[in-house]
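K.L.:
This structure is in C-alpha cells; I'll ask about it shortly.
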Amino acid sequence: MVFQSAIDKFLEYLRYEKKQSKHTHLAYQTDLQQFQTYLSLVYQITDLNAFNHLQIRSWMAHLMGEGVSARSIGRKLSSLKSLYKFLMKEDLVQQNPLNKIVAPKISKKLPVYVEQKAMDTLLNVTEFPEGFEGLRDSLILNMYYGTGMRQSELIGLRLNQIDAFKRQVKVLGKRNKERIIPITNDLAQKIEIYLDFCKQENIHSEVLFCNEKGQPLYAKKVYNLVHKYLSQVTTIQKRSPHVLRHTYATHMLNNGADLNAIKELLGHANLSATQVYTHNSIERLKQVYKKKHPRA
C-alpha cells in the first residue's frame, strides 16, 4: 500500500469518525506529511511496508540535527503511533515498527503564569481605548482570566453559549466535549455592557468576539492583543493567551481550589495534565519560606 494513501485514509477517519478539531487534524497531517516526505527524499520509499524502525530513527536524528525540540519530536512520533494503531486495527499492516522506538526524554517545564499583582493591574488599572475595540479587548482579557478557556474556545464562543442569568458559559472543548464554566457577576456585567454597545453600534455576530464588521476574530489577532497588554504589566518571556489559562489555574490552586475541580473547569481529560500546576504552588511556598523563615 502506498504510504500517502494510508495517511489519507487515516486523516479521513480522524475527520469523519473521530470528529477531531481542524487544529488537531492539521497537526496530524503536518507531522505525517513531513515523515512521508523524508522517506521519499532520503530513501526513495513510498510503500508502506518498505521501511522499518531504522528509517524512523534516522528521521528522529534528522529532526534533532535541525534543532527540533524533544517535545516536538515526541508529538510527531505520537502522530505516527496513532497512524499505526489505526492501520493495525484495519489489518492494513502486520507489524508496527514503532514498537522499537523510544521517544526522546522531555524536560518538564513549569507552566508560566502572571503574578496576582500584575493581573490586578492589567484588569483594574490598565487604560483601554474608547469605543468598541477597547471594550472588546478588555472583555477578552477578563474572559481568559475568568474562565481559563483555550484560545480556540474563546474565538468560537457563540452568544447562545452564554447564560447571563445563571452566570455561566458552555464551552465546546477538545473532542467536541462540552463543559460548563461559572463566571463572576462582574464578568457577566462586562459581557452585558459589551453586548449592549454592539447593539447600539449595529454590530451583529453569532460569536461573542468579532471585529466591527461582525466577523469572528482570527487567532493571530487575539494573540497580538493579549501579548500587547501583558507586555504592559509583566516581564515574563511568554505573553500568550495560553499563559492566561495557566494563570487562571495557578491562581485558583493557590487560593485553595480543589485539583479535581480545576481539572473539570479546564476540560482536561486526565488529572495528570492538571497536576503540573501543583509544582507552581510548591515553588510559591518555597519563595514564601525563603522570605519569611529566619534561617532560610
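The values are calculated or read from the model by the stated rules, or taken from the named source; none is laboratory data. Just so you know, these numbers come straight off a predicted model, no measurement behind them. Every residue, glycine among them, receives a Cβ derived from its backbone with ideal geometry; neighbour counts consider all protein chains shown.
K.L.:
Has the range 206-219 got any residue that is part of a helix (DSSP H, G or I) and under 21 Å from Gly146 (Cβ atoms)?
P.N.:
Keep residues of the range 206-219 that are part of a helix (DSSP H, G or I), which gives 219.
Within this subset, residues satisfying the condition of being under 21 Å from Gly146 (Cβ atoms) are 219.
Yes, the conditions are met somewhere in the range 206-219.
K.L.:
Continuing with the same structure: Mind listing whichever residues of the range 167-194 are within 11 Å of Glu153 (Cα to Cα) and of a type in the set (Gly, Ala, Ser)?
P.N.:
Gly173
K.L.:
What about Leu54, is it in a helix (DSSP H, G or I), in contact (Cβ under 8 Å) with a residue 60 or more places away in the chain, more than 23 Å from the chain's Cα centre (by Cα) and over 30 Å from Glu178 (Cβ atoms)?
P.N.:
On the way: in a helix (DSSP H, G or I): yes; in contact (Cβ under 8 Å) with a residue 60 or more places away in the chain: no; more than 23 Å from the chain's Cα centre (by Cα): yes; over 30 Å from Glu178 (Cβ atoms): yes.
The answer is no for Leu54.
K.L.:
While we're here: Return the residue satisfying two criteria in turn: it lies in the range 139-165 and is in a loop (DSSP other than H, G, I, E, B) and over 17 Å from His246 (Cα atoms), and of such residues it is nearest to the chain's Cα centre (by Cα).
P.N.:
Per the criteria, the residue is Gly156.
K.L.:
Taking the range 212-257 on its own, how many of its residues are exposed (fewer than 14 other Cβ atoms within 10 Å of the Cβ) and not charged (D, E, K, R)?
P.N.:
Count: 11.
K.L.:
Go through the range 81-100 and report how many residues are surrounded by 16 or more Cβ atoms within 10 Å (Cβ to Cβ) and over 15 Å from Asn49 (Cβ atoms).
P.N.:
The total comes to 2.
K.L.:
Any residue in the range 170-197 that's on the phi > 0 side of the Ramachandran plot and not assigned by TED's automatic domain parsing to the domain that holds Gly146: show its pairings with residues that are surrounded by 15 or more Cβ atoms within 10 Å (Cβ to Cβ) and not basic (Lys, Arg) at Cβ separation under 8 Å, as long as the two are six or more apart or on different chains.
P.N.:
Note: no pairs meet the criteria.
K.L.:
Name the residues in the range 121-150 that are under 20 Å from Lys199 (Cα atoms), surrounded by fewer than 17 Cβ atoms within 10 Å (Cβ to Cβ) and among the acidic types (Asp, Glu), would you?
P.N.:
Glu130, Glu133
K.L.:
Just to verify a result, which residue in the range 178-200, among those that are of a type in the set (Val, Ile, Thr) and under 12 Å from Ser138 (Cβ atoms), is surrounded by the fewest Cβ atoms within 10 Å (Cβ to Cβ)? Explain how you work it out, then say what you get.
P.N.:
Taking the range 178-200 first, the residues of a type in the set (Val, Ile, Thr) are 180-181, 183-184, 191, 193.
Those left that are additionally under 12 Å from Ser138 (Cβ atoms): 191, 193.
Numbers: Ile191: 20, Ile193: 13.
Looking at the filtered set, the residue picked out is Ile193.
K.L.:
Among what's in the range 166-177 and is assigned to a helix (DSSP H, G or I) and among the basic types (Lys, Arg), pick the residue that is surrounded by the most Cβ atoms within 10 Å (Cβ to Cβ).
P.N.:
Start the filter on the range 166-177 by keeping residues that are assigned to a helix (DSSP H, G or I), which leaves 174-176.
Still in the list and also among the basic types (Lys, Arg): 174-175.
Working: Lys174: 15, Arg175: 12.
Filtering first and then ranking leaves Lys174.
K.L.:
Follow-up. Do the conditions hold for Glu153, that is, is it farther than 30 Å from Ile56 by Cβ, out of contact with any Phe, Trp or Tyr (no Cβ under 8 Å at 6 or more places or on another chain), among the charged types (D, E, K, R) and crowded, with 17+ Cβ neighbours inside 10 Å? Can you show your working first?
P.N.:
Details: farther than 30 Å from Ile56 by Cβ: yes; out of contact with any Phe, Trp or Tyr (no Cβ under 8 Å at 6 or more places or on another chain): yes; among the charged types (D, E, K, R): yes; crowded, with 17+ Cβ neighbours inside 10 Å: yes.
Criteria met by Glu153.
K.L.:
Okay, moving on. Which condition number in (1) in contact with a helix residue (DSSP H, G or I) (Cβ under 8 Å, 6 or more places away or on another chain); (2) of a type in the set (A, V, I, L, M); (3) part of a strand (DSSP E or B) is the one that Leu98 fails?
P.N.:
(3)
K.L.:
Now for a different question. Among all residue pairs at least 6 apart or on different chains, which show Cβ distances below 6 Å where the first residue, located in the range 233-244, is in the same structural domain as Leu154 (by TED's automatic domain parsing) and the second is of a type in the set (S, T, N, Q)?
P.N.:
Pairs found: Val233/Thr121; Arg239/Ser231; Pro241/Gln151.
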